[in-house]
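The values are calculated or read from the model by the stated rules, or taken from the named source; none is laboratory data. Quick caveat, the model's predicted, so the values are computed rather than measured. We place every Cβ from the backbone using ideal geometry, glycine too, and count neighbours over all the protein chains shown.
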Protein chains: 2
Amino acid sequence: MEIGSHYLGDRQCAFTVWAPQLKQVAVHFIAPEEKIVPLQQDEQGYWRGTIETDPGALYFYQLDGETDRPDPASNCQPQGVHGPSQVVDHNQFAWMDQDWQNRPLKDYVIYELHVGTFTPEGTFEAIIPRIPELLELGVNAIELMPIAQFPGERNWGYDGTYLYGVQYSYGGVNGLKQLINACHQQGMAVILDTVYNHFGPEGNYIGCYGPYFTQKYKTPWGSAINFDDAYSPIVRNFFIQNALYWFREYHIDALRLDATDHILDHGAKHFLQQLGEEVAVFSQQQGRPFYLTAECDLNDARWVRPCEKGGFGLDAQWNDEFHHALHALLTKEQSGYYVDFGDLQHLAKAYTHNFVYTWNFSKNRQKYHGSDPSDCPPDQFVVFSQNHDQVGNRMLGDRLCHLIPFEAQKLAAATTFLSPSIPLIFMGEEYGETAPFQYFVSHGDPDLVAAVRKGRKEEFAAFHAVGEAPDPQSEETFQRSKLHWEQRYEGEHKILWQFYQTLLRLRREVPALSHADRQCLEVTPMVEKNLLKLRRWHNGSEVFCLMNFHAEAVTVTVTLPPGTWKKLLDSADTQWHGPGNPLPDVVPTERDETVAQQQFNLSPYSVVVYSRL
Amino acid sequence: MEIGSHYLGDRQCAFTVWAPQLKQVAVHFIAPEEKIVPLQQDEQGYWRGTIETDPGALYFYQLDGETDRPDPASNCQPQGVHGPSQVVDHNQFAWMDQDWQNRPLKDYVIYELHVGTFTPEGTFEAIIPRIPELLELGVNAIELMPIAQFPGERNWGYDGTYLYGVQYSYGGVNGLKQLINACHQQGMAVILDTVYNHFGPEGNYIGCYGPYFTQKYKTPWGSAINFDDAYSPIVRNFFIQNALYWFREYHIDALRLDATDHILDHGAKHFLQQLGEEVAVFSQQQGRPFYLTAECDLNDARWVRPCEKGGFGLDAQWNDEFHHALHALLTKEQSGYYVDFGDLQHLAKAYTHNFVYTWNFSKNRQKYHGSDPSDCPPDQFVVFSQNHDQVGNRMLGDRLCHLIPFEAQKLAAATTFLSPSIPLIFMGEEYGETAPFQYFVSHGDPDLVAAVRKGRKEEFAAFHAVGEAPDPQSEETFQRSKLHWEQRYEGEHKILWQFYQTLLRLRREVPALSHADRQCLEVTPMVEKNLLKLRRWHNGSEVFCLMNFHAEAVTVTVTLPPGTWKKLLDSADTQWHGPGNPLPDVVPTERDETVAQQQFNLSPYSVVVYSRL
């Protein structure tokens, strides 16, 4: 059942809001003219009515004849999280994406961006001119960090309180539609990050309406949402309708579900499974696929397993452990959760099993962690060498380019794009953006601001961070985090960008790299050399790669797969601003086929890709 | 890893206790002589030592040189929950059950009993003389309500605080061993009810030792146990070792895991799955099966599905909804959870699907509930027309014989025993025991007593119970709940007992009834007549049964399966103290095989069973 206000045309708007315990609910219009129109309650506790009004009208719900509150399913909050809700006519927008067909999720190359800091303007509209360059890079899907209406004008988005509202300062309803329209016309998919595990702490009035929360569980961000207790069908519907709303009204192609490990549901059908079922039905009705991807800190294969194997049937999940294995290997960091990583074997396992911890003991967690997802195809996992959390939750918001040399940055990219999983780029990493990505908010409540400052400090303590943390509430922190897009055309930035572009082209064009199959993948860690050998093959196409995770040059003798191999990419090449000493274009150099061994002199952090002739 | 004190022989005893945050732990012996012997801590936080002492020695652990506390894994608490723990030599007992082989769980006929009220003496030993009569009845497994050491001498057992201890007032370590030894020698299996979802509220000092609890979740009985947070491997081990301890030291054949829906574990491998895996390994080592059955209020097929289908792989689970469907149909009660039951269709679904609510909307719960377990064989579910909860959690502890006529009691039994699931009898129901089974405790803490009294009242309010509730703390409540075993030899009691015996004999001897297969089961509810037709078949054996759930006589024309049918049982027969008017011994009575229809005049609440000739 759809909820919120729905403009039906002909000056008629339907209102639906669930408030089972209230005695009266009315719509209190405050513009263009003031009027109060009572709603009628049905037996489920929904209040309804169809009222004469125009798009653009501003309203509150008046609860029990006393208190005015915004619509929890508000489509638009032009005056912020405390202000009135606005009636929106979703039929007004002239969509021109009729030819758009969503591509298979396995072919996605994702670019995660934060609307407020991606451009100087910080709006949806300002993103549009950059779409061609992203496509040129090889990206085919942008992933928007959450854009649900949040308090103030600066926020990562995870404090959204109006899950159906579009952040007004980003350009609101029409701004988002214009961006998606432009993306689809050019062949770019759009993923939206949605937060279904908690509500933001400010401007959250949903508790006035009904039992949306449960006291049975806690989350790190306060009350847990009632996904499994009395009245949970109505609460679950609130979120399911939200997912369908983005697909239907905004033509969003996929959702990234934030921190789904905090969607606490002990019922016999987990909310995520139900969501997946409902989205599958919707996809069938619409004749095109809509995808669900999830972040989850549990390493639980159940998230993406099919329902008949006891899974939730989601399309894909983020694989943070690929990141952790890669990051710890390159940076040697061992604080916080990196204590569980740092060996070449961890990265090798991330390639072969996706998860590194498959019910192994985690020192950081002091418990056994994860399950083995080897029965799930690798393209059900999203991999990255950086993302908003891994950069932004560092005290100073350092990107990988602040932490490791240029050669290692190329290696990090290659490790990610040569994996059979779905790659994700965090905005700016493709050209080694030098601006940090720091944590910023613009809350209106001083107590909340103080709590956020305190919370961040405690988080950094686990990572033994030293020095002064940037103030999350300060506008400077936000400004400091904006990209310098012009860097991308200059010097090493440009070379890195081209290196990314080349990797993505190879991934697209070489069948052995575009085809994700665990059966067609061989990973050989050479631990003593800190070197990884990767073989992938498909339909006669075959590649092998050598990756040197050592900060020094390494000479290694490798037993080659039979045949003759042509070099596709060599990060040490001067073309990529490497140290030179490039590897042979064709191997084996000795034409004695009985000895298919080859000696390679690998530069520090270098990666080389050969393809069978 | 085994925990607690282990007497090794030769006056040596090994002590192991986990207390990661304490600075010192010593064993403080108080008898036969006082001495304090410090333990050594390992890197996991376990304190260990092997100390010279004798079986029977009394000790506390002395924490940080200050506080004396009993052993959380105490084998014996001769002075109650606050007193010292006792060293036990488990090798002293002369087991004589070497010939015992556990039977397949599907063949179990379970008799649930409460040690304190089953006999006047209220001891393990006093149960032994009754074993032959239970075997004669057709029971082959007794299920002991929890016997872990609880506060005082009167308790259902769910307030146990020493999970490795045997209630001393029941006869302690040797009493339990004698009972099990006697059972096994006569072919009776023993199931133990264990509580792994919370610790009893009094005498529970385990929190002094380490993070056994989590604040992430709540249970109705206080702090939730830490099954998925930091240090959970050690907490999980405490419970896993407990299960293995009962199997190893006491020869227990199966566990009934209490209220497993409150074992809150969001990790990638649920505690119950791990427990199942460890018990499977142990069974293999021992060369005989040990079973895990579970109570669970979630109706989640996952509990008993195999791991490869995403399940926990437990052997069986209790099926409360079979009870609710049957109870509401017979009593017409509609208060509390019975509001979701009462139709013949509910009982029919309990036969065909086990669960009635398979993701259907529950009015009582105000949410969708359950999943469909039709892929699991029916003998993975335990059914009953009464149990300790369904009787004892009524305000007055009324049994079914207090609520429905004698004819209906026979029907309730037949409905249970003709089902393809594992049947369970609650002590006394087989002869219509007239004593109630009420809720009783003997806590030492007055605040706790007041809280229990208050809690019970609130629970009864949901069922609109009127009148004065018995005082749980009063000894009279306990005495009132004791069986009058002598009833079983008299009048209608005796007849009911024989009716039970006959049903169990048919279930054993008629292949169509002993073979549990959903594919060989046909259930036809005749709603307008309130009549259920049941067909079961296997390997040429076939039965059909008619069950009249109407309080009045019903005439019905039934299309018979082809063939000639011989009557096996007719509850209306005067042999069973029925009203007479017995049904024909052979049907069809008209020998026109083209019209395989037969008219039956069914007495109120009568049940008839025919078998193919």
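For this structure, a couple of remarks:
- The one condition from (1) modelled with pLDDT under 95; (2) more than 24 Å from residue B:407 (Cβ to Cβ); (3) not in a helix (DSSP H, G or I) that residue B:519 does not meet is (3).
- Residue check for residue B:280: closer than 20 Å to residue B:391 by Cβ, at pLDDT 95 or above, touching a Gly at 6+ places or on another chain (Cβ under 9 Å) and away from chain A (no Cβ under 14 Å): no
- Residues in segment B:476-504 that are assigned to a helix (DSSP H, G or I) and in contact with a Gly (Cβ under 6 Å, 6 or more places away or on another chain): B:493, B:496, B:501, B:504.
- Condition met for residue A:199 (outside the structural domain of residue A:72 (by TED's automatic domain parsing), more than 21 Å from the chain's Cα centre (by Cα) and buried (at least 20 other Cβ atoms within 10 Å of the Cβ)): no
- Set A:348, A:413, A:328: member being out of contact with any helix residue (DSSP H, G or I) (no Cβ under 6 Å at 6 or more places or on another chain) and part of a helix (DSSP H, G or I): A:348
- Any pair with Cβ under 6 angstrom, 6 or more apart, that starts in segment A:301-319 at a residue that is facing chain B (nearest Cβ under 9 Å) and under 22 Å from residue B:304 (Cβ atoms) and ends at one that is hydrophobic (A, V, I, L, M, F, W, C) and assigned to a loop (DSSP other than H, G, I, E, B): A:301/A:376
- Each residue in segment A:347-365 was checked for being under 14 Å from residue A:328 (Cα atoms) and within 22 Å of the chain's Cα centre (by Cα), and 3 pass.
- When segment B:174-221 is filtered for residues that are part of a loop (DSSP other than H, G, I, E, B), away from every other protein chain (no Cβ under 14 Å) and of a type in the set (Ser, Thr, Tyr), the ones remaining, listed by number, are B:196, B:205, B:209.
- Qualifying residue in segment A:461-475 (condition: in a helix (DSSP H, G or I) and either of a type in the set (Ser, Thr, Tyr) or touching a helix residue (DSSP H, G or I) at 6+ places or on another chain (Cβ under 9 Å) (or both)): no
- Residue check, residue B:164 at negative phi and either in contact with an Asp or Glu (Cβ under 8 Å, 6 or more places away or on another chain) or assigned to a loop (DSSP other than H, G, I, E, B) (or both): no
- Residue check, residue B:66 outside the structural domain of residue B:252 (by TED's automatic domain parsing) and exposed (fewer than 15 other Cβ atoms within 10 Å of the Cβ): yes
- Restricting attention to segment A:247-277, the residues that are part of a loop (DSSP other than H, G, I, E, B), within 14 Å of another protein chain (Cβ to nearest Cβ) and farther than 13 Å from residue A:193 by Cβ total 8.
- The set of residues in segment B:534-557 that are outside any strand (DSSP E or B), in contact (Cβ under 8 Å) with a residue 40 or more places away in the chain and touching a helix residue (DSSP H, G or I) at 6+ places or on another chain (Cβ under 6 Å) contains only B:549.
- Entry remark, segment A:327-353: residues being more than 18 Å from residue A:295 (Cα to Cα) and crowded, with 20+ Cβ neighbours inside 10 Å number 12 in total.
- Restricting attention to segment A:351-396 and to residues that are within 12 Å of chain B (Cβ to nearest Cβ) and not in a loop (DSSP other than H, G, I, E, B), the residue that is farthest from residue B:312 (Cα to Cα) turns out to be A:362.
- Residue check for residue B:293: touching a residue at least 24 places away in the same chain (Cβ under 8 Å), among the polar types (S, T, N, Q), buried (at least 22 other Cβ atoms within 10 Å of the Cβ) and more than 14 Å from chain A (Cβ to nearest Cβ): yes
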